[in-house]
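Just below is one structure, and these are the notes that go with it.
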Amino acid sequence: MTSSSVNHIYPVIWQNDKVFLIDQTRLPGEYSVVEISLCEDMAQAIRTMIVRGAPAIGVAAAYGMYLGAKEIQTTNREVFLKKLEKIAQLLRETRPTAVNLFWAISRMLKIAYESVGNVEQIKAILLETAQAIQLEDLKTCQAIGDNGLIVLPSEPTKLTILTHCNTGSLATAGYGTALGVIRSAWRENRLARVYADETRPRLQGAKLTAWECVQEGIPVTVITDSMAAHCMQQGMIDAVIVGADRIAANGDTANKIGTYSLAIVAQAHNIPFFVAAPFSTVDFSISDGSQIPIEERHPSEIYQIGNTEICASGVEFYNPAFDVTPASLIKAIITEKGAISPQEIINYRRELAI
Ligand code: MRU
């Protein structure tokens, strides 16, 4: 299937007792779907970024837990829970930074432990919970979109918004966080254009965000990451909105590498810098961003373009996939509960404990 005929984008679909994932490593050239019926395959799909984006990998991991649970051959509750812990560990080891993954796994484990039923009943509850996590994320992202409209600058009427990485339908259950706000702004006639950073080295902006915008007819201009400061200096950008992979209790935010420099440049040009994320991205257990584990990926993401190696042999590489933006650079975090200052995040700790 070519990628130009897609109406609704749902990166994770549960159908006929299997999970179907849009293969995000092949977009935009090819729209293809990968069928997953084993937990190990789900772990591999998350690791290799067939499915990616913090909320989407949370949803995928939840289904991974169910797929693993389904295969456990025992009627003994204690044995079942022990094996489920192992499945949880396998999924936890796929990617370290996005906390939604760990949040979804914990929620699945908790429901299993709290359930008073037999093994078959626990399995049924695990499936219901994975489906609930998916549906909730869809609704949450729509609420984030609405809440974003309230805090966007009121002038000009039609805004030009810069974004980084991919935070759209592909990265969530199906609407998007930062791109969800942009989508809502487009529907409300408040958007002139999106500037999408290409997002080196994996190019989620150039490949995925631009593709999603095209599906919906949203005007989009792709720039390389190094052009963002120039565009801001030229007065071309009214606001910056990015997503998040993990937000510490003090509002420090980890997101795709390059986000931190965008926040600094936005501040230098007096341009509001927003983070859009669900509360499932907040990690109340860590006090600040220095404790967020930063994933390092294979250096071939830097030295290889297509099949061509671009660097001399003997060169060393450093490839962190995320960076941390201090709370002080963030004007507001747009959540499903409203747009709140990063310093206010902590106030929600008790209300949202799972
Ligand atoms: O490495 P990725 O592609 O999984 O990174 C994704 C991001 O950094 C997104 O900005 C973040 O997960 C927010 S997605 C709604």
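Read-outs: derived from the displayed coordinates by stated rules, not from any lab. Everything numeric in this text was worked out from a predicted model, so none of it was measured. As a convention, Cβ positions derive from the backbone with ideal geometry for all residues, glycine included, and neighbour counts pool all protein chains shown.
Result for the chain in a Gaussian network model with C-alpha springs under 10 Å: among I223, I334, I305, the largest mean-square fluctuation is at I305. Amide H to amide H distances under 5 Å link S32 with D23, where only residues 5 or more positions off or on other chains count and H is placed in the peptide plane. The H on the amide N of A239, modeled in the peptide plane, is under 5 Å from the matching H of T160, L162, each at least 5 residues off or on a different chain.
Calculated mean residue ellipticity, 222 nm, the chain: -11500 deg cm²/dmol, from DSSP H runs (n ≥ 4) at -39500 (n - 2.57) each, averaged per residue and rounded to 500. Applying both filters, DSSP loop and at most 13 other Cβ atoms within 10 Å, to the chymotrypsin sites (Phe, Trp or Tyr not before Pro) of the stretch 318-354 gives Y318. Considering only A277, A61, A88, the mean-square fluctuation computed in a Gaussian network model of the chain, springs between alpha carbons under 10 angstrom, is largest for A88.
Counting only DSSP beta bridges with both residues in the chain, what percent are antiparallel, rounded to the nearest 5? Approximately 50 percent, going by the DSSP bridge assignments.
Note on the stretch 3-140: semi-axes of the ellipsoid equivalent to its C-alpha gyration tensor, largest first and rounded to whole Å, are 26, 14, 14. In this Cβ point-charge picture (+1 for Lys and Arg, -1 for Asp and Glu), the stretch 147-348 has a dipole of about 540 debye about its Cα centre.
Of interest is the spacing of the C-alpha centroids, which for the stretch 31-89 and the stretch 301-348 amounts to 26 Å.
Sorting 18-24, 8-14 by average packing, meaning the other beta carbons within 10 Å per residue, from highest down gives 18-24, 8-14. Mean-square fluctuations from a GNM of the chain, with a 10 angstrom spring cutoff on Cα atoms, peak among N147, N307, N250 at N307.
For the chain, dividing the convex hull volume of the Cα atoms by the residue count gives 139 Å³ per residue.
Please tell me which of these pairs span more than 29 angstrom C-alpha to C-alpha: K139/K207; K123/K337; K70/K139; K70/K256; K18/K83; K70/K207? From K139/K207; K123/K337; K70/K139; K70/K256; K18/K83; K70/K207, over 29 Å: K123/K337; K70/K256; K70/K207.
If exposed GluC sites (Glu not before Pro) are those in a DSSP loop with at most 14 other Cβ within 10 Å, what is the longest stretch of the chain that has none? The longest such stretch corresponds to 189-315.
Computed from the Cβ-Cβ distance with R0 of 30 Å, the FRET efficiency linking N16 to V116 stands at 0.55.
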